[in-house]
Structures are given as C-alpha cells and as structure tokens.
Amino acid sequence: MEKILEVNDLHVSFLTYGGEVKAVRGVSFDLHKGETLAIVGESGCGKSVTASSLMKLIPTPPGKISQGSIKFKDRELVNLSDKQMRKIRGVDISMIFQDPMTALNPTLTIGTQLTEGLKQHRNISNKEAKIKALEMLDLVGIPYPEERLKQYPHQFSGGMRQRIVIAIALICEPDLLIADEPTTALDVTIQAQILELFERIQQETNVAIILITHDLGVVAKVADRIAVMYAGKIIESGTKHELFYEPLHPYTQGLLNSIPRLDKKGEKLEPIDGTPPDLFSPPQGCPFTARCPHAMVACEKVYPPRYQASEEHYGECWLYDERVKKYQSS
Ligand SMILES: Nc1ncnc2c1ncn2[C@@H]1O[C@H](COP(=O)(O)OP(=O)(O)OP(=O)(O)O)[C@@H](O)[C@H]1O
Ligand code: SF4
Ligand SMILES: [Mg+2]
C-alpha cells in the first residue's frame, strides 16, 4: 500500500516561564493508505502534541517544532506557512477531538456545517453538496438524514454529535484522519458504537487513521499497528498482534497488565506505580527507569538502543541488547 505519511525525528517543545518543556523528543513513524495506527500512552506523554504537530496546530509561541520532518504524500509540511496549511487541513488531513460540542457551531445547522468545507474547497454545486452530506450522514449512521440536515447541534445526543463531527471530517475525502481521544467524553455504550463506526469507515473508505487514546482496550478493536509513547518518545511499535502478544518493553507490559482481560476474569489489575518523568529535564537514560522492575545501571545512564524484533516490531529497552544479555548470563 502507498505510504502517505512519513514522520522523522520530530521534536516539539514549549517555552514556558518554568523552562522548556520537551514534549516530543524524536518521534518517527510512517503510515500507509487505509491503515490505522493507534498511539497510546499515559497522560502527558506527548500524544496530542504529536497529533497537533502533524496539522501544524501547535500554538506558536510557546510551542515550536524544533527539529524533524513531516512528509505527507511526499510533501514536507514542517516549513509550510499557515496559509498553505489551511488548504490541507480538513481537506487532505482532518482531525477530530475529544469533545464533540466544541467542534460544532451551535448557531448553524448540521447541513450548513457539513457542506461548508466541501463548497469552500471543491468546485461543487449546492445540490451535489447536499447529496454528499446525505451520503455522509448515512455512512456515520444517522437516521432520517433529510430532516436531520436542517437541525442544530443541540438537537442531537453526545454520541450523535460525535458522529456528525466524524462526517464533517470525512466529507472532503481526506487521506488522513487524526482522532484524538474521540470516545473519551462519551459513555461506555456510545464509545462502543463510535468504535464500530471506525471499523465501518475502515471498510468503506481508504482513509488512513491515527487514533490517539490512553486506552489499550480501545485499540484492540480497530488498530492495525500500535505505537506506544512514553515521555515524548515512541518506546515500542509493532502490529497489534505483536504488541498484545509479544510486548517487548516493560512499560507496554505494564499497560497491558492494567487493562481488564475478558479471558482472565477476576484477575487483579496492576496499575503501573509512579509517574512519568518531568519533561523540563528528561532523564538522559531510559525515561522509564524509576518505574521499571527490570532497571539496571545502564538504563539510568544511557538511552537504550532500538531492538528490532521483526520488520514492524521494535522496542527501545536495554533488556534486549546483546551485551547486557551476555553480561547477565555470565
Ligand atoms: N501549550 C502548551 N504549553 C506548555 N506545555 C504544553 C502545552 N501543550 C502541551 N504541553 C506539554 O506537553 C506534554 C505533552 O502533552 P500532550 O497533551 O501531548 O499529552 P497527551 O499524551 O496527549 O496526554 P493526555 O492523555 O492527557 O491527553 C505535557 O507535558 C504537556 O504539559
Ligand atoms: S531500558 Fe532498562 S529501565 Fe528502561 S525499560 Fe528497559 S529495562 Fe526498564
Ligand atoms: Mg492528549
């Protein structure tokens, strides 16, 4: 499948009164057409900053992309002006956020909001725009779309509003959809329905999806690949199967132990003790050292090398380094 996104050594920081927050510290990943990549990790590890950087939506100042490259369909985005980015946002790359209410304008009908982007960016008549809007409402599972087009956001439930936000994000047929915690603000049954909607979108469109969540249970359903972030870095990445069944990094193993497993009913969940390091002065070695049950002297001093377990699967942890293995076995 065609590669549509290539992120290389991305660094993003925020200059605050307290100092420089190094929120994203050398993130690299790529994404192919129709693929869903989930980015997971605890609060504050840099998921949203990574996502907003792809859209160049980092507030500047205080934030800035200090290093790295974001290639979208072979075009470098890092150096584009805001004007150039406006032509890409919502058209080629769309983003949806946690709270569906803030994404919708309460004073405009759903029909107007759905067709706004289409009319602006595509040379399309009112009639064609309406047909497309009806198609989108059908795709996201909103019944009676003709009547619904004339209604305002407050006439919809939270789950319905999130469906509409997703319809707006997809109406211009973007190549990439970034969804930042799209189900977190919704109750559990509605969350499941929105996840089913993501599965339908995967089957019926060719859009690539970056799904951001702190919940590994959520990604089990829809992800093809998973990237685990910790303290501004991707510390492990692989296919869903590799991550769930052969996790390399003790942090990933900890995350997996902290989610309920259907096949292990009654087993106690084990949250990971401690908190991630301060990003003003992140440790020079492995950022997980203070919380890691396997930490060794090397971990604190030197950032671990990447261990490539398969073409897709790698983890950044000293446990897999040949020198450490030799030392431990001697
Ligand atoms: N505008 C800002 N100014 C200063 N620091 C910021 C700003 N936005 C984000 N940060 C910092 O960047 C780091 C990464 O934040 P980010 O929002 O990406 O985390 P996250 O992984 O999305 O967490 P959550 O799961 O809570 O959404 C945090 O330390 C955060 O405090
Ligand atoms: S590098 Fe060391 S501290 Fe970091 S996860 Fe691996 S064993 Fe734990
Ligand atoms: Mg976030």
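The values are calculated or read from the model by the stated rules, or taken from the named source; none is laboratory data. The model shown is predicted, which means the values in this text are computed figures rather than measured ones. Ideal geometry is used to build each Cβ from the backbone, glycine not excepted, and the neighbour counts take in all protein chains shown. To get the accessible areas, we keep the full protein, side chains included, count just its heavy atoms, and leave off ligands, DNA and RNA. Shrake-Rupley method; radii C 1.70, N 1.55, O 1.52, S 1.80 Å.
In this structure, S157 and Q203 have a Cβ-Cβ separation that, at R0 = 30 Å, corresponds to a calculated FRET efficiency of about 0.75.
What range in the chain is the longest one free of GluC sites (Glu not before Pro) that are in a loop by DSSP and have at most 13 other Cβ atoms within 10 angstrom? With GluC sites (Glu not before Pro) excluded where exposed in loops, the chain gives 3-266 as its longest stretch. Computed in the context of the full set of protein chains, the accessible area of the chain at 1.4 Å probe radius has 51% of its extent on carbon or sulfur.
Solvent-accessible area of S258, all protein chains in place: 40 Å² (probe radius 1.4 Å, heavy atoms, ligands and nucleic acids excluded). Please name which of Y314, P61, Q253 has its Cα lying farthest along the dipole of the chain towards the positive end, using unit charges on Cβ (Lys, Arg +1; Asp, Glu -1) and the Cα centre as origin. Looking along the dipole axis, the top candidate is P61. Per-residue SASA remark: R291, around 30 Å² accessible (1.4 Å probe; ligands, DNA and RNA not included).
Ordering Y245, Y303, Y17, Y230 by accessible surface, largest first, gives Y17, Y245, Y303, Y230; the 1.4 Å probe counts only protein heavy atoms, with every chain in place. Listed by chain and number, the lysines whose alpha-carbon sits under 24 Å from that of K150, ignoring those within fewer than 8 places in the same chain, are K119, K127, K130, K132. Count the net charge of all other residues whose Cβ sits under 11 Å from the Cβ of I226, scoring Lys and Arg as +1 and Asp and Glu as -1. Within the 11 Å Cβ shell, the charges total -2. About its Cα centre, the dipole of segment 124-201 is roughly 360 debye, where the only charges are +1 on Lys and Arg Cβ and -1 on Asp and Glu Cβ.
When shorter helices are ignored and each DSSP H run of at least 4 residues is given -39500 (n - 2.57), the per-residue value for the chain at 222 nm works out to -9500 deg cm²/dmol.
Ordering V24, V78, L10 by Cα displacement along the dipole of segment 1-133 toward the positive end leaves V78 in first place; charges were set at the Cβ atoms of Lys, Arg (+1) and Asp, Glu (-1). The distance between label points at T16 and Q67 comes to 2.2 nm (points 7 Å beyond Cα on the Cα→Cβ vector). Of all DSSP-defined beta bridges confined to the chain, some 65% are antiparallel rather than parallel. The residues of segment 1-153 expose on average 51 square angstrom of accessible surface per residue, using a 1.4 Å probe on protein heavy atoms. With contacts taken as Cα pairs under 8 Å and at least 6 residues apart, the chain reaches a relative contact order of 20 percent.
Sum up the charges of everything whose Cβ sits under 11 Å from the Cβ of S125, counting Lys and Arg as +1 and Asp and Glu as -1, but leave S125 out. Neighbourhood net charge equals +4.
The percentage of C-alpha pairs in the chain whose separation is greater than 31 Å is 36%. Rolling a 1.4 Å probe over the protein chains gives C286 an accessible area of about 20 Å². Taking 7 Å steps out from each Cα toward its Cβ at I259 and S281 produces label points 3.6 nm apart. When peptides 182-188, 271-277 are ranked by their average number of other Cβ atoms within 10 Å per residue, the highest-first order is 182-188, 271-277. Under a model in which nothing but the beta-carbon of Lys, Arg (+1) and Asp, Glu (-1) is charged, segment 63-219 shows a dipole of about 700 debye around its Cα centre. Only beta bridges with both residues in segment 69-223 are counted; by DSSP, about 15 percent of them are antiparallel.
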